[in-house]
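Notes follow once the structure below has been shown.
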Amino acid sequence: MARKITEIYDEMIAGKAAMVALHNLQPDIDSAQTLLTELSSKSRVAVWRLMLFVTAVAIWTHEKLWDVFRAEVDAIVAAAVPGTAQWYRNQSLQFQLGDEMKYADYKYSYDPVDTTKQIIKRASATERGGDVVLKVAREAGGVPAKLAPDELLAFTAYIAKIKFAGTFCSIISDDADLINVSMRVYTDASIINADGEALNQTSSKPVEDAINNYLATLPWDGVVINSALTDAVQAVPGVSDVVLLATAAKAAQAANYQSISRTYRTVAGYIVANELNILYTSV
């Protein structure tokens with residue numbers, strides 16, 4: 001950042017004073033310092049002071065030009081394509097179904113931008129073995145839904161056009177993963193009956209609702225955590241204790257469930273309950 005003219009001028013005056021002080025300590029030195037001692041006028045319009053001021057203005061102008069140049073470089077850097085996982089995620093959200101991209105300023109973009117055609121509402125990008133894995137979904141009724149075949153083909157073509165050369169992108173847009181949960185829940189009989197129904201009628205099955213809500217509110221491309229699932233049920237009014245017996249999950253197209261020992265990362269990016277086997281015990 002450019003210094004003020006007065007700052008530059010004052011530094012030059014201070015430098016001149018330091019040189020004079022050095023000469024006074026070593027007067028036998030024959031150098032330009034001897035001439036500086038003769039510039040002793042304190043008048044603000046003394047010729048030597050005016051020369052320093054003009055020089056200060058020239059230095060300030062030079063520093064201001066460097067500020068302008070740096071701002072231009074910063075703007076170019078800010079607009080550059082970084083190719084990070086976050087960049088791939090952001091680009092996924094900008095996909096416009098049915099629109100043609102234009103190449104300008106060394107990159108592809110939509111002109112005009114039409115948010116009504118941006119069908120990707122959920123997206124994540126992660127690196128796996130040097131490749132980029134994209135998990136995307138649209139929304140239907142406020143919940144994630146896989147892309148239709150034509151939409152997936154269009155999005156795949158879009159990524160192929162904007163991706164970095166030599167980068168392999170794997171795109172996943174599928175039905176939700178499925179999870180089976182078995183647990184024993186100890187309840188207050190005055191609040192929840194033996195069938196797991198809330199006696200105040202605010203929710204017919206509050207434990208099941210808590211499990212479904214936990215799964216629905218996981219971050220996109222989230223991780224199911226057994227302890228967090230237990231905590232969600234434990235927080236239900238009328239529940240005094242929870243024993244998680246088993247959890248197992250799988251991708252929608254997978255043949256077999258895999259037991260969850262502690263955590264499970266969703267394959268499609270989201271997950272819903274398939275079977276909830278809740279054993280209620282009143283205490």
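The values are calculated or read from the model by the stated rules, or taken from the named source; none is laboratory data. Remember, predicted model here, so these are calculated numbers, not experimental data. All Cβ positions, glycine included, derive from the backbone under ideal geometry; neighbour counts span all protein chains shown.
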Flag if Ala18 is outside the structural domain of Pro149 (by TED's automatic domain parsing) and either at pLDDT below 90 or charged (D, E, K, R) (or both)
yes
Just give me the residues in segment 167-212 being polar (S, T, N, Q) and either more than 40 Å from the chain's Cα centre (by Cα) or in a loop (DSSP other than H, G, I, E, B) (or both), in sequence order.
Thr167, Ser173, Thr187, Ser190, Asn193, Asn200, Gln201, Thr202, Ser203, Ser204
From the list Asp209, Asp221, which one is outside the structural domain of Gln91 (by TED's automatic domain parsing), surrounded by 13 or more Cβ atoms within 10 Å (Cβ to Cβ) and under 15 Å from Ile120 (Cβ atoms)?
Asp221
Among the residues listed as Thr187, Thr202, the single one being at pLDDT below 95 and either in the same structural domain as Arg265 (by TED's automatic domain parsing) or aromatic (Phe, Trp, Tyr) (or both)
Thr202
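If a residue must be part of a loop (DSSP other than H, G, I, E, B) and not charged (D, E, K, R), how many such residues does segment 228-271 contain? Break it down stepwise before answering.
Residues of segment 228-271 that are part of a loop (DSSP other than H, G, I, E, B), as a first pass: 235-238, 251-257, 260-262, 266-270.
Filter once more, keeping what is not charged (D, E, K, R): 235-238, 251-257, 260-261, 266-270.
The total comes to 18.
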